[in-house]
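These notes concern the structure reproduced below.
The values are calculated or read from the model by the stated rules, or taken from the named source; none is laboratory data. Note that this is a predicted model, so its numbers are computed, not measured. Virtual Cβ from ideal backbone geometry, glycine too; neighbours counted across all protein chains shown. The accessibility values were calculated without ligands, DNA or RNA, using every heavy atom of the protein model including side chains. Shrake-Rupley method; radii C 1.70, N 1.55, O 1.52, S 1.80 Å.
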Amino acid sequence: MNTAAVQSILVSPCSRLGGTLSVPGDKSISHRLAMLAALASGTSTISGFLKSEDCVNILDALTGLGARYEFSGGALRITGVGGVFKAPARVLDMGNSGTGMRLLAGLLAGQSFVSEMTGDASLRSRPMRRIAEPLERMGARIELLGDKGCAPVRITGGSLKGIEYAPPVASAQVKSCVLLAGLFAEGLTSVVEVSPTRDHTERLLTAMGVPVTVAGNRVSLRGCGKKGPSFTARAWSVPGDISSAAFWITAAAVAPGSMLELRRVGMNPRRSALLNVLRRMGAAITITDDPAADACEAMATIRVEGRALTGTEVGGAEIPDLIDELPLVAVAGALATGRTVIREAAELRVKESDRIRSVADNLARLGVKVEERPDGLIIEGSTRVRGGVTIDSYGDHRIPMAMSVLAFHADAPVRMDNIACVNKSYPEFWDDLRKVGGHAE
Ligand code: S3P
């Protein structure tokens, strides 16, 4: 069955998972590589690039700025503009991608033209002042044309000066936006983080020859001014996305009798905290290093054996390291013994959906005892998971995928509605669910 176009799916109970899987390429790295390759001179070949809706939206936006791309022989080939972008003749539609809009805003702020970006209803409801403020301080004019500091975003780019910026929230998107603008600025640009976040941008820029210095929570680079950086095209390979692997890691970890192996998973240290959290809950996870990917990231084979888990607490500096996996922590908590607490995670409220709300609502539909807090969730584990109910995706790709893990343990099949959003990050999700022994139709 071609599930790519299906709007609704029924997930059946499944007591254990097994097999070996390679998940699709990392979404964060794919976004960044697309943008940097679009600035380079020549044609870059990127193997393992994530061919999902979010990433294709970025590629299409980059063609509006003068780059060209094609998928050929399983790899992406991007021909860059060699320096600065061309003025777009149209509004750039970033679809659902917050990473796309926020990072590209940084690059657009350094171009000597006016550009405009928009997105779907979810993206147009997400906060953009967090990038407008530093970019304006650097010298760009940023107009937020939507309601209450939201997209569409109109950017009048030009002469930027380096700044030191301390974002009030831990956000790799904000950090990356400022650093990418910094490439086109005069002088030094520094970002000082409240808590360290994923460093894909820093790693890729270093690989492209930009000296990036890191001292504690301060990341700095020296800009090239208006002419922009001179990147040369090259071959890259992208590791599997740990945020996609996370669904299967959690599903296997919570189900005694499961034995699952995930290959070539990206192991950026600022992305892999879910593994620590699950281990703290009692999970049996072994990690064997694979040769590193060309995108300068560690990769590993992750083996998971199912166990009975106990509840845990997550908060503080751990949150940015598992921000996209928090719905899964809630799901693991629902299946564990005792209580699981997620705190200091208010950023979840401004993701593709309000993920505190969308997780709490769906857990409650499945009969799980859950309390919604302003900055997190409290979950009482070991309740019976009620099947025969319908899950609402809230248009947020990670919600139906996370709820599928819980549906495996329901006492009857669970319907997932409005699931087209899964294609934004993981179009093969339902096929992979079947590969590891699950049943969805
Ligand atoms: C991302 C950073 C995170 C994450 C998002 C991707 C990135 O957002 O939630 O899915 O690629 O930089 P924030 O940095 O805003 O928390």
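Among the conditions (1) of a type in the set (Val, Ile, Thr); (2) more than 13 Å from the ligand (Cβ to nearest atom); (3) touching a helix residue (DSSP H, G or I) at 6+ places or on another chain (Cβ under 6 Å), THR118 misses just one, which is (3).
Based on this model, can you work out whether ILE78 counts as assigned to a strand (DSSP E or B) and open to solvent by less than 10 Å² (accessible area, probe 1.4 Å)? Judged against the criteria, ILE78 is a match.
Counting only strands (runs of 3 or more DSSP E) that sit completely within segment 120-233, those holding 1 or more residues that are buried (at least 20 other Cβ atoms within 10 Å of the Cβ) correspond to 141-144, 153-156, 188-192, 218-222. Of ARG270, ARG307, ARG263, all but one fail to be assigned to a strand (DSSP E or B) and either in contact with a strand residue (DSSP E or B) (Cβ under 8 Å, 6 or more places away or on another chain) or open to solvent by 30 Å² or more (accessible area, probe 1.4 Å) (or both); the exception is ARG263.
Matching residues to (1) modelled with pLDDT of 95 or more; (2) away from the ligand (no atom under 12 Å from the Cβ); (3) out of contact with any Gly (no Cβ under 7 Å at 6 or more places or on another chain):
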position	(1), (2), (3)
GLY182	yes, yes, no
GLY187	yes, yes, no
GLU193	yes, no, yes
THR213	yes, yes, yes
PRO239	yes, yes, no
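Of all the listed residues (SER41, SER28), the sole one being open to solvent by 10 Å² or more (accessible area, probe 1.4 Å) and within 17 Å of the chain's Cα centre (by Cα) is SER28.
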